[in-house]
1. Tell me the angle of helix 126-143 to the major Cα principal axis of the chain, expressed in degrees between 0 and 90 and rounded to the nearest ten.
2. As an exercise, use a Förster radius of 30 Å and the Cβ-Cβ distance of residue 90 and residue 144 to find the FRET efficiency, rounded to the nearest 0.05.
3. Please report the spacing between the Cα centers of segment 98-123 and segment 19-94 in Å, no decimals.
4. Explain nothing, just the number: relative contact order of the chain, from Cα pairs under 8 Å at least 6 residues apart, as a whole percent.
5. Helix-only mean residue ellipticity at 222 nm, the chain, DSSP H runs n ≥ 4 weighted -39,500 (n - 2.57), per residue, nearest 500. What is it?
6. Once the Cα atoms of helix 66-78 and of the chain are each reduced to a long axis, what angle between those two axes, in degrees from 0 to 90 to the nearest 10, is obtained?
7. Just to be sure I understand the model, the point goes 7 Å from the Cα along the line to the Cβ. What's the resulting residue 118 to residue 17 distance in nm?
8. Between (i) 9, 32, 36, 18, 5, 1, 0; (ii) 9, 29, 31, 20, 9, 2, 0; (iii) 11, 38, 31, 15, 4, 0, which matches P(r) over Cα pairs in 10 Å bins from 0, in percent calculated for the structure shown?
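No lab work stands behind these numbers, since they all come straight from the coordinates. Since this is a predicted model, take the numbers as computed values, not measurements. Here the Cβ positions follow ideal geometry from the backbone for every residue, glycine too, while neighbour counts run over all protein chains shown.
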């Protein structure tokens, strides 16, 4: 029976690319003097764009399960990058907002994050990078419902 070449399987390549992407992210962001993980950056940027967002909505928007997002939010709070307050609309919910320190962090770190994205795709021409991103998004969106933490579109959260 012929064996499948593991190193050519999409799952293996995606896992390897994720390992590389995380290493590149840390290399670029660490150079700014900030201690931020990719998920912390995603959460911080999403909170910055959606002031007053609650944790459950944040989890859906960046495709993380609620248990994981709680730890991420707690670490951002501990670093003084966000605040969490009881919602005036729903006393059970907690609204998140970026602090001044968090805004400074976003301003400083975002150029490094953008540089990391370019480094990740450095082996591709601009056209190949665009096509890669288009196909990666298409494949990810098609399998979103199979995820343990599906991404919830921003539009779905505001309906």
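1. It is inclined by approximately 70 degrees.
2. On the way: r = 27 Å, r/R0 = 0.89.
Efficiency at R0 = 30 Å is approximately 0.65.
3. With segment 98-123 and segment 19-94 each reduced to a Cα centre, they are spaced 14 Å.
4. Working: 148 pairs, mean separation 42.4, N = 159.
Computed over the chain, the figure is 27 percent.
5. Working: 7 runs with 97 residues, N = 159.
For the chain, the value works out to -19500 deg cm²/dmol.
6. 60 degrees
7. That separation, rounded to one decimal, is 2.0 nm.
8. Of the labelled values, this structure produces (i).
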